[in-house]
Amino acid sequence: MVLKEVYKDLFYIGTAVESIHDQFTNNEIGNPDKEALIVREFSSMTCANEMKPVYNMGWSSPDAREDYLPYVINPNAKKMLDWVRANGLKMRAHVMVWHSQCAQEAFCKEYKPVFLPVDEEKLKENPRLRFFQRLDPVCFVDRDTMLRRLESYIDTMLDYIYREGYAEQIYAWDVVNEAIELADKTETGLRNSYWYQVIGDDFIYWAFRFAKAAVKKHSVQYAGVYGIDPTDEAALARIRPTLVYNDYNEWQPDKKAAIIAALKREGHGHGSIIGEGLIDGIGMQGHISDNNDIDEYIDALNEYASLVREVQITELDVKCTCTNINREYYQAVFYKEFFERLLAAKKAGANLTSVTIWGLTDDNSWIRGADPLLFRKDLTAKKSHEALVYAVTGGDLGEPEYVVRNLDKHVFDFETPEGEEQKDPETYGFKMRGFGKCLLSEERAHSGKFSLTSTPRFADWMGITCDVSDFIGQTIQIDAWVYSEAKEITLGADIEGVFPQIATVEGGAEWKKISASYKVPTGQHSLRLFFGTKEANPGPCSPLFLDDVEISLIGQEESFEEETNIAAIRGAGHLPFIFVTDKESVDGKSKSLGVTRQEKDATISLDVSAYIGKTIDVTMFVKTADSLIRIGVDGSEPVLCAEVPSKAGEWTEVHTTATLPDGVLSAKLYVETDGRADFFVDDVFVKLA
Ligand SMILES: [Ca+2]
């Protein structure tokens, strides 16, 4: 089934694509096979680049004046508009005002930029610094001139679109993109962009006011082009796009609050964007991962929907976090649940009118390594495409494939045995966090000749990560030798939004050992440790070296201090109710798992799937008024491992070994008693026998 049909009565389903030009030969429009796929699957299209300001600002055109910045459409944008019209799609137009990919000339007197000098020495080390080159504020135009430029740019843009007959195709327009950046610490939470610096914190207001006025004016002026009576407001609505504010990390509570505050802010002698009815929609970009919190996302969607007429998801892509054979499967599971939740929110009243996937095929995504999209390079559909269909039709994605975990000690000395070719450290699980690379270095070593380093490092958060996905749900011992002259060397875990710190050591001009035990949380498809630094002063970061890394399994610990996902209800008839409680615990001051029930066979199982095919040593504490406690291996034919008398009303330690079957998807231990009294379980510890 194709998405366009499945979603036809729900919302526009779109893709963001680019046209083939110059060296960009892997793009979509201009490639007949990709064009056919887009037309088959999607009802909406967005130009991923072609309609961004830098390509369409006519500051060098003969019509430009100091207070008049005309829109001059670039040929690739025009080609895309013509393609959309010829193929019967609609377009989400992106974008009028953005800080990035905007002509720097637009902010300058006589359109002549003056740049602050870049440090030549640093530039030699790192040519990327040129991208961080800043305009010198001496060249800025004044606020009023910039407002006239903004007004003329938006007015001539819409004049062109209406006059050329494209207005029927464009159903939504991103007026302002990404104006909020809390890290910039401005008084109003606005990004410290040139728009903000030259106009002030109401540049968003003026962009919306100019856009609204231009839509009204040109839709009436050119109504005849569309066969519409210019006095017929209902008919005019058909050629008036939804005007949208668009941003990323839009579900995060702080960012959401700042976005809403900006849209409601009055001042400078005018009302607010929402108060004056200048905005029609909020665009949630939706650059997320397959372990994001969907509840938080839907909460934000509902809140935005209560403020404006429409919400749209404008740049959706879902990064794969799983590194094994189930990579596409877990991504699809997330996509399906995400769309099911969107549909439920819509049904409950949120006016979601469009969802755009940011790209067509994984190989041409802006985040290539994360495979975030619905189609592969060869244009075949991934399981994530099936997920979008099933979200509507109710189909089932099936089960993940069984994966063998390597629970052996992981040892890395970064040496290459004689006669072997040196391997890229990525092949054994090390990667740089940031846009650089992990490299073997001969500069220094704790053992042998080599250590591991990462380059370039501009910030504390750019460091070395190490894949520990084999140990998900397990407690591990980490020992590593680290070298950096930064103030501190840090060991953490790469969990989006949380980034727990595990250990730190002081930096210095010698090798230091960093050691810690860490319970690798469940609920992740993959997990990486992170080695970084904390610098004493802002500025460039000290190099970081890593050697002799050892990661060993301690075991699986569960003392039920938080919501648990290793315990599940088990039984043939009435099932038990299980709960984490602070009423009972082995040490008398923490929590345990409670099981309450009406039947003897209503009991529980504990997930030990990490140990499939292995013999394990199990210890746990059980408290019950019944007289016997039994533990065994669950399955179609459960195997009893231990039966011990219960010390009535006291915690009883149960210890046993168990051999788990091989070649299955999951392995579970069951816990039961000889009666139907409630029972409690605490301090479960499983290790290899
Ligand atoms: Ca070494």
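The values are calculated or read from the model by the stated rules, or taken from the named source; none is laboratory data. Note that this is a predicted model, so its numbers are computed, not measured. So basically every Cβ, Gly included, is an ideal-geometry build from the backbone, and we count neighbours across all protein chains shown. The protein model used for the area step is the full one, side chains on, heavy atoms only, and it has no ligands, DNA or RNA in it. Shrake-Rupley method; radii C 1.70, N 1.55, O 1.52, S 1.80 Å.
Some observations on this one:
- Check on Leu388, of a type in the set (A, V, I, L, M), part of a loop (DSSP other than H, G, I, E, B) and outside the structural domain of Ala480 (by TED's automatic domain parsing): no
- Members of region 99-125 that are open to solvent by less than 20 Å² (accessible area, probe 1.4 Å) and either part of a loop (DSSP other than H, G, I, E, B) or basic (Lys, Arg) (or both): Cys102, Ala103
Results for (1) touching a residue at least 60 places away in the same chain (Cβ under 8 Å); (2) under 29 Å from Val404 (Cα atoms), shown as yes or no for each residue.
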| site | (1), (2) |
| --- | --- |
| Ile259 | yes, no |
| His287 | yes, no |
| Asn292 | yes, yes |
| Asn302 | no, no |
| Gln312 | yes, no |
| Ala344 | no, no |
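- Residue match in region 392-401 (condition: away from the ligand (no atom under 13 Å from the Cβ), farther than 30 Å from Lys8 by Cβ, assigned to a helix (DSSP H, G or I) and open to solvent by 30 Å² or more (accessible area, probe 1.4 Å)): no
- Some residue of region 291-302 being of a type in the set (Ser, Thr, Tyr) and within 22 Å of Thr242 (Cβ to Cβ): yes
- Residue pairs meeting the criteria (Cβ under 8 Å; at least 6 apart or on separate chains; first under 11 Å from Glu66 (Cα atoms), in region 138-158; second of a type in the set (Gly, Ala, Ser)): Arg149/Ala106
- Complete set of residues in region 425-443 that are closer than 19 Å to Ile551 by Cβ, open to solvent by 40 Å² or more (accessible area, probe 1.4 Å) and within 16 Å of the ligand (Cβ to nearest atom): Tyr428
- For region 136-175, the set of residues classified as assigned to a loop (DSSP other than H, G, I, E, B) and either within 18 Å of Val72 (Cα to Cα) or of a type in the set (S, T, N, Q) (or both) consists of Glu164, Gly165, Tyr166, Ala167, Gln169, listed by residue number.
- Residue that is modelled with the lowest pLDDT, among those in region 230-248 that are open to solvent by 50 Å² or more (accessible area, probe 1.4 Å) and within 30 Å of Arg191 (Cα to Cα): Tyr248
- Members of region 357-386 that are aromatic (Phe, Trp, Tyr) and in contact with a Ser or Thr (Cβ under 7 Å, 6 or more places away or on another chain): Phe375
- Of all residues in region 402-424, those being of a type in the set (Val, Ile, Thr) and either away from the ligand (no atom under 16 Å from the Cβ) or surrounded by 18 or more Cβ atoms within 10 Å (Cβ to Cβ) (or both) number 2.
- The residue that is nearest to Tyr518 (Cα to Cα), among those in region 447-472 that are surrounded by fewer than 20 Cβ atoms within 10 Å (Cβ to Cβ) and modelled with pLDDT of 90 or more, is Ile472.
- Listing of strands (runs of 3 or more DSSP E) fully contained in region 507-624 that carry 1 or more residues being of a type in the set (S, T, N, Q) and open to solvent by less than 30 Å² (accessible area, probe 1.4 Å): 528-534, 545-558, 577-581, 592-596, 603-607, 615-624
- Which numbered condition Phe530 misses (of (1) within 16 Å of the ligand (Cβ to nearest atom); (2) in contact (Cβ under 8 Å) with a residue 60 or more places away in the chain; (3) of a type outside the set (D, E, K, R)): (1)
- Region 444-483: number of residues that are away from the ligand (no atom under 16 Å from the Cβ) and over 28 Å from the mean Cα position of the chain (by Cα): 1
- The condition (being touching a residue at least 60 places away in the same chain (Cβ under 8 Å), touching a Gly at 6+ places or on another chain (Cβ under 9 Å), hydroxyl-bearing (Ser, Thr, Tyr) and open to solvent by 60 Å² or more (accessible area, probe 1.4 Å)) is satisfied by just one residue among Thr323, Thr356: Thr323.
- Annotation note: Cβ proximity below 6 Å between a residue of region 431-458 that is free of Cβ contacts under 8 Å to residues at least 60 places away in the same chain and in the same structural domain as Val482 (by TED's automatic domain parsing) and a residue that is of a type in the set (A, V, I, L, M, F, W, C) and more than 16 Å from the ligand (Cβ to nearest atom) (sequence gap 6+ or interchain) occurs for Gly434/Met462; Cys438/Met432.
- Subset of region 400-418 [of a type in the set (A, V, I, L, M, F, W, C) and out of contact with any Gly (no Cβ under 9 Å at 6 or more places or on another chain)]: Val403, Leu407, Val411
- Leu343 falls short on exactly one of the conditions (1) assigned to a loop (DSSP other than H, G, I, E, B); (2) open to solvent by 20 Å² or more (accessible area, probe 1.4 Å), and that condition is (1).
- Within region 656-678, the only residue that satisfies the criterion of being exposed (fewer than 14 other Cβ atoms within 10 Å of the Cβ) and not in a loop (DSSP other than H, G, I, E, B) is Thr657.
- Evaluation of Cys541 against (1) more than 27 Å from the chain's Cα centre (by Cα); (2) among the hydrophobic types (A, V, I, L, M, F, W, C); (3) away from the ligand (no atom under 16 Å from the Cβ); (4) under 24 Å from His446 (Cα atoms) (one fails), failing number: (1)
- Filtered by the rule that a residue be out of contact with any Phe, Trp or Tyr (no Cβ under 7 Å at 6 or more places or on another chain) and either in contact (Cβ under 8 Å) with a residue 24 or more places away in the chain or under 18 Å from Ile161 (Cα atoms) (or both), region 226-242 gives Tyr226, Gly227, Ile228, Pro230, Ala235, Leu236, Ala237, Arg238, Arg240.
- Summed over region 176-202, residues that are surrounded by fewer than 23 Cβ atoms within 10 Å (Cβ to Cβ) and in a helix (DSSP H, G or I) total 7.
- Condition check for Asp363 on (1) modelled with pLDDT under 95; (2) open to solvent by less than 70 Å² (accessible area, probe 1.4 Å); (3) part of a strand (DSSP E or B): one failure, at (3).
- Residue in region 51-60 that is in the same structural domain as Asn246 (by TED's automatic domain parsing), under 28 Å from the mean Cα position of the chain (by Cα) and not in a helix (DSSP H, G or I) present: yes
- Scan region 68-98 for residues that are of a type outside the set (A, V, I, L, M), within 17 Å of Asp159 (Cβ to Cβ) and open to solvent by 60 Å² or more (accessible area, probe 1.4 Å) and the total you get is 2.
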